[in-house]
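Data block below; observations after.
The values are calculated or read from the model by the stated rules, or taken from the named source; none is laboratory data. Given the structure is predicted, the values throughout are model-derived calculations rather than measurements. Here the Cβ is made from the backbone with ideal geometry for all residues, glycine too, and neighbour counts use every protein chain on show. For the accessible areas, the whole protein counts, side chains as well, though only heavy atoms, and no ligand, DNA or RNA atoms are used. Shrake-Rupley method; radii C 1.70, N 1.55, O 1.52, S 1.80 Å.
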Amino acid sequence: MEDILEKLKGLGLGPTLIGKLKAQGLLSESGMRFIIASTPDELIELLGLSGYDVAQRLRQAAKSVVGFDNRAVTAAELLELEEAGPRLTTGVKALDELLGGGLRPGDLYEFAGEFGTGKTQLCHQLSVMVQLPAEKGGLQGKAVYIDTEGTFSPPRVQKIAERFNIDGTEALKSITVYRPLNTGELESFVKGQLNSYLEAGARLVIVDSVIALYRAQYRGIEWLARRQQAINYLLDWVKRWARVYGAVAVITNQVLTHPLPSGIALKIPAGGNIIAHASTHRFLLKKTGDAFLLEVLDSPRVARGASVEFRIEEDGLHDAR
């Protein structure tokens, strides 16, 4: 804390502002990243700042303290950065190839599907994959698994870990599981506590599923607008943390039946345009005979409609035979 305090003083922050940061427990690495992730309006409300300029100056100071750099770059530089950046393997070769090498830190991936199509099993597998070293497709980090439906299975994780030559018990120690009782607890954890786990080395955030608590607790059309605003704010914070810490963000989603005039019923992700716009990449998981199918619904890097087959065994997701 003393090191951060001296750096802030050297950047011209006065004792009154520093006192406010200390009172809110923000004189730490995670506190600085919280400030970076926050909007000026949020900081004004939280700290009682005198105006927008003060909030912006505080954010710039926090960026300097932790060395966070999000300056504008040319498109050529951006391409170079993206190509050189790390990827998180899914453990399924065909899926990695579809994704251009795996999941990219800073992006939000949505996996939607009916019950039993592999969404949670994929999340279990990713929570193991992230622990692998870079040369094996991992990020050498931990995982935060927000389990809103009570479906996280430690024994299944152990089986997946053993398949990839990781001690099952050690793998579980690197996964933090949080089971919120309601949407208030979910939102409070994401905004107020998630960054402490990211600061401690987590490089994967999973929300499985993102819609379950909201569909249960915001019942009726009169609650729809408020529900959508709440989901939007939650996902915005998930994306902020993913960018600030260079973490992969994954959400699972339920599906709705959407009847067409032709009589065909389509399965579409729940949550409407809010989740659609928040997600960087959207995928639909389906059961097709003896196999499973992952189809691209929307992605800036993968063609819409592209798909891969996979199978599910006791030790996770595998390539289709």
So for segment 169-253, Kirkwood radius off the Cα pairs, Stokes-Einstein at 20 °C and 1.002 mPa s: how many µm² s⁻¹?
157
Go through N165, Q254, S28 and say which Cα lies farthest out towards the positive end of the charge dipole of the chain; charges sit on Cβ, +1 for Lys and Arg, -1 for Asp and Glu.
Q254
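Taking the Cα centre as origin and putting +1 on Lys and Arg beta-carbons and -1 on Asp and Glu beta-carbons, what dipole magnitude results for segment 85-142, to the nearest 20 debye?
Here the size comes out at about 180 debye.
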How large is the dipole of segment 53-204 about the Cα centre if only Lys and Arg carry +1 and Asp and Glu carry -1, each at its Cβ, rounded to the nearest 20 debye?
320
Accessible-area composition of the chain, carbon plus sulfur, in percent [1.4 Å probe]
51
Separation of segment 77-133 and segment 166-211 by C-alpha centroid, Å?
17
Roughly what angle does helix 119-129 make with the longest principal axis of the chain, taking Cα atoms, 0 to 90 degrees, to the nearest 10?
60
Among A225, S188, L198, the residue whose Cα sits farthest towards the positive end of the charge dipole of segment 162-306 (+1 at Cβ of Lys and Arg, -1 at Cβ of Asp and Glu, taken about the Cα centre) is A225
Based on DSSP H runs of at least 4 residues, each adding -39500 (n - 2.57), what is the mean residue ellipticity at 222 nm of the chain after dividing by all its residues, to the nearest 500 deg cm²/dmol?
-13000 deg cm²/dmol
Going down the table (K7/K239; K20/K173; K9/K173), which pairs top 32 Å between alpha carbons?
K20/K173; K9/K173
Under a Cβ-Cβ cut-off of 13 Å, what is the net charge of the residues other than E97 that fall near it, where Lys and Arg count +1 and Asp and Glu count -1?
0
For E42 and E114, calculate 0.36 nm times their separation in residues minus their Cα-Cα distance, and state this gained length in nm to one decimal.
22.2 nm
Among DSSP beta bridges lying fully in the chain, give the percent that are antiparallel, nearest 5.
45
Using a 1.4 angstrom probe, figure out how much accessible area segment 71-161 has per residue, in square angstrom, rounded to the nearest whole.
43
For Y233 and V302 in the same chain, what is the full-extension length gain: residue separation times 0.36 nm, less their Cα-Cα distance, in nm?
22.2 nm
How much accessible area per residue does segment 164-321 have, counting only protein heavy atoms and a probe of 1.4 Å, in square angstrom?
49
Take every DSSP beta bridge whose two residues both sit in segment 144-281, then give the antiparallel share in percent to the nearest 5.
30
Rg/Rh of the chain (Cα atoms, Kirkwood Rh), to two decimals, equals 0.99
Compute the helix-to-body angle for 183-192: its Cα long axis versus the longest principal axis of the chain, expressed 0 to 90° and rounded to tens.
50
Efficiency of FRET between S50 and L78 - r from beta-carbon atoms, R0 30 angstrom, step 0.05:
0.25
If you place +1 on the Cβ of every Lys and Arg and -1 on the Cβ of every Asp and Glu, how big does the dipole about the Cα centre of the chain come out, in debye to the nearest 20?
460
Along the dipole axis of the chain (charges at Cβ: +1 for Lys and Arg, -1 for Asp and Glu; origin at the Cα centre), the most positive-end residue among V177, A270, G289 is A270
